[in-house]
Amino acid sequence: MNPLIKEDVIELLESMIAIPSVNPAYDPGSGGEQLLSEYIEQRCKARGLSVERQPVLPGRDNLIIRLNSGHPERTLLFEAHMDTVSFGGMSEPLLPRRINGRLYGRGACDTKGSLAAMLQMMEHYARNAEGLNADLILCASVDEEHAYRGLLQFMELGLPIHGAVVGEPTNLGIVIAHKGCVRFEIETIGKAAHSSVPHEGRSAIMDMVKVLHYLEQSKSCLENKIHPLCGAPSLTVGTIRGGQEINIVPDSCTIKVDRRLIPGEQPAEIMQELQNNLQEYLGGLGIEYAVRELLLDEALDTSPASTIVRSAQKAASQLQISTKLCGAAYGSDASKLQQRQGIPTIVFGPGSIQQAHSDEEWVSMEEVRHAARFYIELVQKFSSADKEEFHA
Ligand SMILES: [Zn+2]
């Protein structure tokens, strides 16, 4: 064990796995993050950290844990969510088990492993605050797995923050870019008629075939837009629904579409572009349709020159883990901090996204220990960065 770390981060993680924190969106009977937040609050207070509760939803509060060293001009935020997805088909999701270097249990990798390592870092600096030239905030948030309402509420506080780390499984890779997303539905509107006199109606399903054909064709130009860390954007039609009976010309057909964005693409602009192109193509065919927006989510695009990224690379180099800057295909809280508040943000944590949400969720215990050391080193590097570096 690292001599800097007094208590075992794996034991802390085991305690947190044993406390259920399923997002009620997946299981309405769940008590949400409350029990876990009580455990963390008591633990942090006992170790001299200041803890505030920020109400987000009934009985579901963010925890804002702070360590002030008198350097608000250099404030570093750590953020990890407390909620998990449902237990799914996991046997004994709340029983942490150590098997061949892995720790199994719901939330082990998404994202209690990161949260445990961040707590360890905060507790370390609560004991060793001298020489620290940065103020630290750890936000243990609610509702990431459903609608990001915990983070959005935290952002409402508008705290001055100069760098941020979001804890999600990256296999200890320094993620500075990830994809965003635009989701919408398209409904074609036809005219119902009995199938014995189909010429009296207009089939919304046959009109939808043309929409699908258009979307399929439009995919080819996405392949040429390649981001060096995230690859190409993508478009998926996830559901289709239409018609009532075999003998009725259908008057409605609806599809749901998921368009993944690469850094540099703005959700609102892409949505507008899609609307314009559809209008141009379908208007000409006389098809009546409606488009409804479901979700706009930004991509993460943090500058490699920012202090948080440079500090992360120095910390990784010191610990002899990879200093390579990476991209991810999934979305996270990080893009909201970076795109909406201009906070240079990285994603970094133990475990692989492959195990997140799966019935076989586990995390490498070695990676959890490395992550705790990394966060401790990262604070050091960030805290000792030159003032000018903050304007990079
Ligand atoms: Zn997560």
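The values are calculated or read from the model by the stated rules, or taken from the named source; none is laboratory data. Values in this document were obtained by computation on a predicted structure and should not be read as measured data. Here the Cβ positions follow ideal geometry from the backbone for every residue, glycine too, while neighbour counts run over all protein chains shown. SASA here: full protein model, heavy atoms, side chains in, ligands and nucleic acids out. Shrake-Rupley method; radii C 1.70, N 1.55, O 1.52, S 1.80 Å.
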Enumeration of residues in region 235-253 that are in contact with a helix residue (DSSP H, G or I) (Cβ under 8 Å, 6 or more places away or on another chain) and open to solvent by 30 Å² or more (accessible area, probe 1.4 Å): 237, 240, 242, 243, 251, 252
Selection from region 349-370 of residues that are closer than 20 Å to residue 78 by Cβ, within 13 Å of the ligand (Cβ to nearest atom) and either open to solvent by 40 Å² or more (accessible area, probe 1.4 Å) or among the acidic types (Asp, Glu) (or both): 353
Of all residues in region 97-138 being open to solvent by 40 Å² or more (accessible area, probe 1.4 Å) and charged (D, E, K, R), the one that is farthest from the chain's Cα centre (by Cα): 130
Residue that is more than 23 Å from residue 373 (Cα to Cα) and among the acidic types (Asp, Glu), where the choices are 8, 61: 61
Members of region 67-91 found to be within 16 Å of the ligand (Cβ to nearest atom) and among the polar types (S, T, N, Q), listed by number: 84, 86
Filter result for the condition that a residue is surrounded by 14 or more Cβ atoms within 10 Å (Cβ to Cβ) and farther than 30 Å from residue 133 by Cα, over 218, 306: 218
Test: residue in region 66-80 that is surrounded by 16 or more Cβ atoms within 10 Å (Cβ to Cβ), within 23 Å of residue 51 (Cβ to Cβ) and touching a Gly at 6+ places or on another chain (Cβ under 6 Å): yes
Filter result (within 16 Å of the ligand (Cβ to nearest atom) and either outside the structural domain of residue 120 (by TED's automatic domain parsing) or assigned to a loop (DSSP other than H, G, I, E, B) (or both)) within region 134-171: 142, 143, 144, 145, 146, 147, 148, 167, 168, 169, 170, 171
From 63, 94, residue being open to solvent by 20 Å² or more (accessible area, probe 1.4 Å), among the hydrophobic types (A, V, I, L, M, F, W, C), within 25 Å of the chain's Cα centre (by Cα) and more than 16 Å from the ligand (Cβ to nearest atom): 94
Residue within region 324-333 that is crowded, with 21+ Cβ neighbours inside 10 Å and of a type outside the set (Gly, Ala, Ser) present: yes
Enumeration of residues in region 184-207 that are open to solvent by less than 40 Å² (accessible area, probe 1.4 Å) and touching a residue at least 60 places away in the same chain (Cβ under 8 Å): 184, 185, 186, 187, 188, 190, 207
